[in-house]
Amino acid sequence: MANINTAGVDPTKMGVGWAIAVLTSGGDAQGMNAAVRATVRVGLYTGAKVFFVHEGYQGLVDGGNHIRPATWESVSMMLQLGGTVIGSARCRDFQTREGRLKAAYNLVKLGVTNLCVIGGDGSLTGANIFRTEWSDLLKDLISKGKIINEEAKASSHLNIVGMVGSIDNDFCGTDMTIGTDSALHRIIEVVDSITTTAQRSQIYYNVCVSVCFSYLALVTALACGADWVFIPEMPPDDGWEDHLCRRLTETRNAGSRLNVIIVAEGAINKDGKPITCDQLKDLVTKRLGFDTRATILGHVQRGGTPSAFDRVLGSRMGVEAVMALLEATPETPACVVSLSGNQAVRLPLMECVQVTKDVTVAMNEGRFDDAIKLRGRSFENNWNTYKLLAHVRPPETKSNINVAILNVGAPCAGMNAAVRAAVRIGLIQGHNMLAIHDGFEGLAEEKIEPITWNTVGDWTGKGGSELGTKRVLPGKYMEEISLNIAKYNIHALVIIGGFEAFSGALEMVQGRGKYEELCVPMVIIPATVSNNVPGSDFSIGADTALNTITTTCDRIKQSAAGTKRRVFIIETMGGYCGYLATMAGLSAGADAAYIYEEKFGIRDLERNVEHLIEKMKTTVKRGLILRNENCNFNYTTDFIFNLYSEEGKGVFDCRKNVLGHMQQGGTPTPFDRNFATKMGAKAVLWLTEKLKECYRHGRIFANTPDSACVLGMRKRGLVLQPLAELKEQTDFEHRIPKNQWWLKLRPIMKILAKYKISLDTSEHALMEHVIRRSVSGRCPS
């Protein structure tokens with residue numbers, strides 16, 4: 001996130017005298033409205049004028065009523081809407097110089113020298129051409145008498161910033177584009193519905209699902225545990241038909257009622273011939289005689305309400321785009337604001353476009369391995385994980401290593417996906433995999449049994465914990481646990497859970513001095529809706545909970561659609577961690593979110609009420625207040641509800657809602673399924689290497705600090721951190737890390753709610769480059 005309070009600049013004045021225009025172009029994508037809203041509101045916050053360009057580049061060419069001033073109220077109640085409320089159109093006129101000349105004239109007359117474009121690579125390439133030609137276009141307008149020299153001087157250069165809004169996620173340089181996560185939600189909803197039907201039917205099904213783009217197909221395959229995925233970047237080897245039929249037969253003989261095949265549009269074989277759903281349906285039906293259904297999803301993938309992830313992503317990118325525009329100089333290249341891991345970054349637009357084009361060149365030249373790498377780190381990691389889980393058979397020779405898996409703490413969506421990936425990767429490594437039921441208590445009470453490949457077959461989409469989980473810590477059971485580790489010859493532990501998993505693993509490490517049997521490698525995979533495990537920016541289950549809260553807030557706000565002036569007070573879970581309240585505040589458009597980490601008092605509450613009273617004088621008649629369950633012992637949900645009701649009497653009325661355990665339930669989101677799958681796989685691969693290091697004198701002995709680690713997402717990738725290091729970074733009394741990255745997003749939430757505060761963060765998104773390495777071509781790392 002940009003630091004816009006540097007060098008003593010008042011952030012509310014840095015846009016004075018500037019004008020920004022925002023447009024959406026190309027195919028629409030869920031989350032574009034969040035980006036538009038943030039661009040408008042942060043632009044206005046800085047003192048700049050902001051204009052909507054309706055109907056994309058066509059509106060820029062046509063001018064007139066297509067380019068209108070944007071106000072704070074004009075972007076209210078749009079976060080939950082799919083598509084783009086300012087319209088999007090593919091424009092032939094803008095592809096001509098004459099069309100771009102008209103567009104330049106329209107911008108000059110309005111004094112607009114900053115253009116924010118939300119779209120795909122074609123839209124962003126068009127913006128760069130426009131910027132490159134800008135000086136010549138001004139000269140042409142002067143020579144034709146359309147503008148005067150003073151107008152040209154005032155508009156001497158055009159700043160361009162792009163945000164990638166596209167469900168394809170095929171733009172190199174960014175891990176996720178706006179709209180991709182929402183499209184995955186639509187796809188997984190359909191696949192889950194088909195899966196439920198097949199699993200409850202007496203008929204054995206084969207389902208072939210066609211989706212639009214490679215990334216969507218690949219992540220869908222991981223998220224639903226598909227048997228096969230076909231993508232253009234990696235055509236199957238010759239003889240794939242026999243391999244596919246053999247695989248389907250094996251899974252059917254193992255008792256599976258359902259096989260799922262995912263096909264991306266444009267999928268081809270090694271000869272460049274297309275592979276389609278209908279072809280696969282005919283192949284399986286004729287060769288195997290299996291009842292096979294084909295489902296082509298089409299435009300359903302673009303529709304619907306944006307996910308919480310896309311709303312937060314669009315909001316963060318919108319803020320960053322405004323900062324990039326206002327910090328730009330004539331020498332600054334057109335840039336795209338992007339997401340790398342969990343970090344907002346700025347990248348030269350045309351570098352990203354060029355690498356994106358390199359993918360197509362690599363595919364046309366048959367360099368398919370290069371094409372995978374060129375797609376970027378996220379795509380490559382997804383592909384490698386898919387290959388391991390779907391195409392590698394467990395070896396006949398065993399490693400004689402026993403790896404045990406347990407769930408600890410409260411259940412959450414995604415736990416089962418992590419278990420499934422860990423079990424299958426372990427079996428592929430030749431290990432014997434053991435399931436421990438009911439957490440540390442189950443380990444003490446010998447609730448231990450082997451777990452097989454087929455046992456976890458359909459676990460990816462299941463919520464809760466199939467293994468069973470308890471909050472009990474191992475301290476009082478340490479002797480029984482050590483005896484059972486020895487009895488079952490357990491060589492390594494995968495502990496999946498929340499803060500109890502972290503605390504319990506610390507107790508196990510501390511017990512190594514007394515119980516030698518505890519000297520085995522162990523890895524903790526954070527899984528909790530609270531997102532409060534030290535060592536990771538994200539926990540499995542938090543995204544599902546966040547989407548539940550966001551959807552509920554949407555419905556609660558909609559319930560007052562015909563009611564004037566109403567404020568809703570919503571209590572969220574999270575213990576002392578304010579992650580859910582803060583991120584739901586961003587994704588649902590809250591006016592305030594009370595959390596433990598940011599102290600507040602009665603004066604703050606009064607200011608919030610006054611703020612809402614002022615808001616009710618505008619055309620916006622609804623308010624949303626979120627409260628983390630443990631934010632303050634005295635200022636309870638009832639207290640805040642009563643305070644708002646009393647102070648707002650005669651202006652607005654209040655309703656309250658405590659969401660409770662509904663935040664822990666439900667099927668996992670695509671993000672949680674994919675995240676859990678990669679975490680489970682990486683955890684076991686790391687343990688496999690660690691076991692080799694710890695093998696001494698014919699046995700496993702692990703007592704070094706780095707033999708017990710938390711596997712977590714840190715900024716731009718997955719990292720392993722020793723428990724001993726993380727212990728110093730933990731507030732054990734309140735069960736939260738001492739430093740939490742998302743706190744830096746809170747000023748954005750307040751500014752988007754029209755609070756006059758200073759946005760001053762410690763991180764500055766400088767211009768980076770798309771790093772390339774040799775792969776017989778070029779690719780981003």
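The values are calculated or read from the model by the stated rules, or taken from the named source; none is laboratory data. This is a predicted model, so every value here is computed, not measured. We place every Cβ from the backbone using ideal geometry, glycine too, and count neighbours over all the protein chains shown. Side chains included, ligands, DNA and RNA excluded: accessible areas come from the protein's heavy atoms. Shrake-Rupley method; radii C 1.70, N 1.55, O 1.52, S 1.80 Å.
Return yes when residue 281 is over 31 Å from the mean Cα position of the chain (by Cα), closer than 24 Å to residue 196 by Cβ and in contact (Cβ under 8 Å) with a residue 12 or more places away in the chain and no when it is not. Spelling it out, residue 281 is indeed over 31 Å from the mean Cα position of the chain (by Cα), closer than 24 Å to residue 196 by Cβ and in contact (Cβ under 8 Å) with a residue 12 or more places away in the chain. If a residue has to be touching a strand residue (DSSP E or B) at 6+ places or on another chain (Cβ under 6 Å) and assigned to a strand (DSSP E or B) to count, how many in region 226-267 make the cut? The number of residues fulfilling the criteria is 11. Here is the figure for region 340-394: residues that are over 24 Å from residue 676 (Cα atoms), among the hydrophobic types (A, V, I, L, M, F, W, C) and either free of Cβ contacts under 8 Å to residues at least 40 places away in the same chain or not in a helix (DSSP H, G or I) (or both) total 2. Assess whether residue 569 counts as being in contact with a helix residue (DSSP H, G or I) (Cβ under 7 Å, 6 or more places away or on another chain), crowded, with 20+ Cβ neighbours inside 10 Å and assigned by the TED database to the domain that holds residue 409. In short, no. Would it be correct to say that residue 608 is within 21 Å of residue 745 (Cα to Cα) and free of Cβ contacts under 8 Å to residues at least 40 places away in the same chain? The answer is yes for residue 608. Does residue 60 satisfy the criteria of being open to solvent by less than 10 Å² (accessible area, probe 1.4 Å), farther than 20 Å from residue 749 by Cα and in a helix (DSSP H, G or I)? So residue 60 passes the test.
Which of the residues spanning region 325-345 are over 16 Å from residue 123 (Cβ atoms) and buried (at least 23 other Cβ atoms within 10 Å of the Cβ)? 325, 326, listed by residue number. For region 717-761, the candidate set comprises residues that are aromatic (Phe, Trp, Tyr) and not in a helix (DSSP H, G or I); within that set, the residue that is most open to solvent (accessible area, probe 1.4 Å) is 732. Condition (residue is part of a loop (DSSP other than H, G, I, E, B), open to solvent by less than 30 Å² (accessible area, probe 1.4 Å), in contact (Cβ under 8 Å) with a residue 40 or more places away in the chain and closer than 24 Å to residue 386 by Cβ) applied to region 420-427: is it met by at least one residue? No. Condition check: over 23 Å from the mean Cα position of the chain (by Cα), modelled with pLDDT under 95 and surrounded by 24 or more Cβ atoms within 10 Å (Cβ to Cβ). Does residue 20 satisfy that? For residue 20, the condition - over 23 Å from the mean Cα position of the chain (by Cα), modelled with pLDDT under 95 and surrounded by 24 or more Cβ atoms within 10 Å (Cβ to Cβ) - is not met. Only one of these is farther than 16 Å from residue 275 by Cβ, open to solvent by 20 Å² or more (accessible area, probe 1.4 Å) and touching a Cys at 6+ places or on another chain (Cβ under 6 Å): 255, 173. Name it. Going through 255, 173 in turn, the sole match is 173. The set of residues in region 292-311 that are under 26 Å from residue 585 (Cβ atoms) and in a loop (DSSP other than H, G, I, E, B) comprises 303, 304, 305, 306, 307. Here is the figure for region 42-54: residues that are buried (at least 19 other Cβ atoms within 10 Å of the Cβ) and in a loop (DSSP other than H, G, I, E, B) total 3. Filtering region 141-150 to residues that are assigned to a helix (DSSP H, G or I) and surrounded by fewer than 17 Cβ atoms within 10 Å (Cβ to Cβ) leaves 142, 143, 149, 150.
Looking only at region 284-320, residues that are at pLDDT 85 or above and either within 20 Å of the chain's Cα centre (by Cα) or assigned by the TED database to the domain that holds residue 580 (or both) come to 17 in all. Evaluate region 2-16: report whether one residue or more is touching a strand residue (DSSP E or B) at 6+ places or on another chain (Cβ under 6 Å), touching a residue at least 40 places away in the same chain (Cβ under 8 Å) and within 26 Å of residue 126 (Cα to Cα). Checking region 2-16: not a single residue is touching a strand residue (DSSP E or B) at 6+ places or on another chain (Cβ under 6 Å), touching a residue at least 40 places away in the same chain (Cβ under 8 Å) and within 26 Å of residue 126 (Cα to Cα). Going residue by residue through region 534-551, is there one that turns out to be at pLDDT below 95 and at positive phi? No; the residues of region 534-551 include none that is at pLDDT below 95 and at positive phi.
For region 449-482, the set of residues classified as at pLDDT 95 or above, open to solvent by less than 20 Å² (accessible area, probe 1.4 Å) and of a type in the set (Val, Ile, Thr) consists of 451, 481, listed by residue number.
So, in region 572-582, of the ones that are over 22 Å from residue 620 (Cβ atoms) and touching a Phe, Trp or Tyr at 6+ places or on another chain (Cβ under 7 Å), which residue ends up surrounded by the most Cβ atoms within 10 Å (Cβ to Cβ)? Ranking the candidates gives 578 first. Residue 367 meets all of the listed conditions (1) modelled with pLDDT of 90 or more; (2) surrounded by 22 or more Cβ atoms within 10 Å (Cβ to Cβ); (3) not assigned by the TED database to the domain that holds residue 710 but one, namely (2).
Scanning region 658-670 for residues that are assigned to a loop (DSSP other than H, G, I, E, B), open to solvent by 30 Å² or more (accessible area, probe 1.4 Å) and touching a strand residue (DSSP E or B) at 6+ places or on another chain (Cβ under 9 Å) yields a count of 0. Scanning region 671-700 for residues that are within 26 Å of residue 510 (Cβ to Cβ) and open to solvent by 50 Å² or more (accessible area, probe 1.4 Å) yields a count of 8. Against the test of being more than 30 Å from the chain's Cα centre (by Cα), outside the structural domain of residue 257 (by the TED database), in a loop (DSSP other than H, G, I, E, B) and of a type in the set (S, T, N, Q), the options 452, 460 yield a single qualifying residue, 452. Residues that are among the basic types (Lys, Arg) and open to solvent by less than 10 Å² (accessible area, probe 1.4 Å) within region 275-324 comprise just one, 311. In region 76-89, the residues that are more than 14 Å from residue 307 (Cα to Cα) and assigned by the TED database to the domain that holds residue 123 reach residues that are surrounded by fewer than 18 Cβ atoms within 10 Å (Cβ to Cβ) and not polar (S, T, N, Q) with C-beta atoms within less than 7 angstrom, at least six apart or across chains, in these pairs: 76/620; 85/78. Considering only residues that are aromatic (Phe, Trp, Tyr) and not in a loop (DSSP other than H, G, I, E, B), look in region 628-657 and name the one that is surrounded by the fewest Cβ atoms within 10 Å (Cβ to Cβ). Filtering first and then ranking leaves 639. Just to check your reading of the model, which residue among 156, 123, 193 is within 30 Å of residue 374 (Cβ to Cβ) and either assigned by the TED database to the domain that holds residue 69 or in a helix (DSSP H, G or I) (or both)? Among 156, 123, 193, only 123 is within 30 Å of residue 374 (Cβ to Cβ) and either assigned by the TED database to the domain that holds residue 69 or in a helix (DSSP H, G or I) (or both).
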